[in-house]
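Each value in this text was obtained by applying a stated rule to the coordinates, not by laboratory testing. Given the structure is predicted, the values throughout are model-derived calculations rather than measurements. Here Cβ is always computed from backbone atoms with ideal geometry, including for glycine, and neighbour counts include all displayed protein chains.
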Amino acid sequence: MLHYLASPYTHPDAAIMEHRRVAACRKAAELIESGLAVLSPIAHNVALIREAGTPTGWDCWRSQDLAMLTACDKLLVLQLPSWQDSIGVRAEIAAAKQLGKPVEFLPWCMPPAPPRTDM
């Protein structure tokens, strides 16, 4: 079973966007470590945004993200602060329901960062 991890990203404050990116990556890693197969569009897309200068925002990523969601079996929604305000997350929930895919909401608590070994 392949799980799609939805989470908000775009925000006027770059620090909030970075917090959201880190949170999505950490949650995806946590879920993968628990044995789930997880696709996180934030982890994938932000790497492309940074390397290729691709624009952020739902308008740019809609077709890509919905294609990924269609390939998945279940939608997991990471409940970061203000997740309900995300145009993308709301659209992903609506699409999952329309496709008959189960939707599960995951509460968020930022786990501690892994210990650094480069010090």
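Excluding residues on the same chain fewer than 8 positions from LYS27, give the lysines whose Cα lies under 18 Å from its Cα. Within reach: LYS74.
Between LYS97 and ALA15, the modelled labels are 3.5 nm apart [label points 7 Å from Cα along Cα→Cβ].
Of the listed peptides 67-78, 97-108, 9-20, what is their order by residue-averaged count of other C-beta atoms within 10 Å, with the highest listed first?
67-78, 9-20, 97-108
Each stretch of four or more DSSP H residues adds -39500 (n - 2.57); spread over every residue of the chain, this sum gives -16000 deg cm²/dmol at 222 nm.
Extending 7 Å from Cα along the Cβ direction at CYS109 and again at ILE32 yields two label points whose distance is 2.4 nm. Phi angles of region 92-109 translate, via the Karplus equation with coefficients 6.51, -1.76, 1.60 and θ = phi - 60°, into HN-Hα couplings of 5, 4, 4, 5, 4, 5, 5, 7, x, 8, x, 10, 10, 9, 10, x, 10, 9 Hz per residue; Gly and Pro are given as x. Near TRP108, the amide H atoms lying under 5 Å from its own belong to GLN79; only residues 5 or more places off or on other chains count, and H is placed 1.01 Å from N. Can you give the log10 of the normalised intensity I(q)/I(0) at q = 0.12, 0.18, 0.23 Å⁻¹, computed with Debye over equal Cα scatterers of the chain? Debye intensities relative to I(0), on a log10 scale: -0.41, -0.93, -1.50. At full extension, ARG90 and CYS60 could sit 9.2 nm farther apart than now, given 0.36 nm per residue minus the alpha carbon distance.
Using a Förster radius of 25 Å, what is the FRET efficiency between ASP73 and VAL22 based on their Cβ-Cβ separation? Nearest 0.05, please. Here the calculated transfer efficiency is 0.45. Coupling constants for region 33-39 follow from the phi torsions by the Karplus curve (6.51 cos²θ - 1.76 cosθ + 1.60, θ = phi - 60°), and in residue order they are 4, 7, x, 8, 8, 10, 10 Hz; glycine and proline get x.
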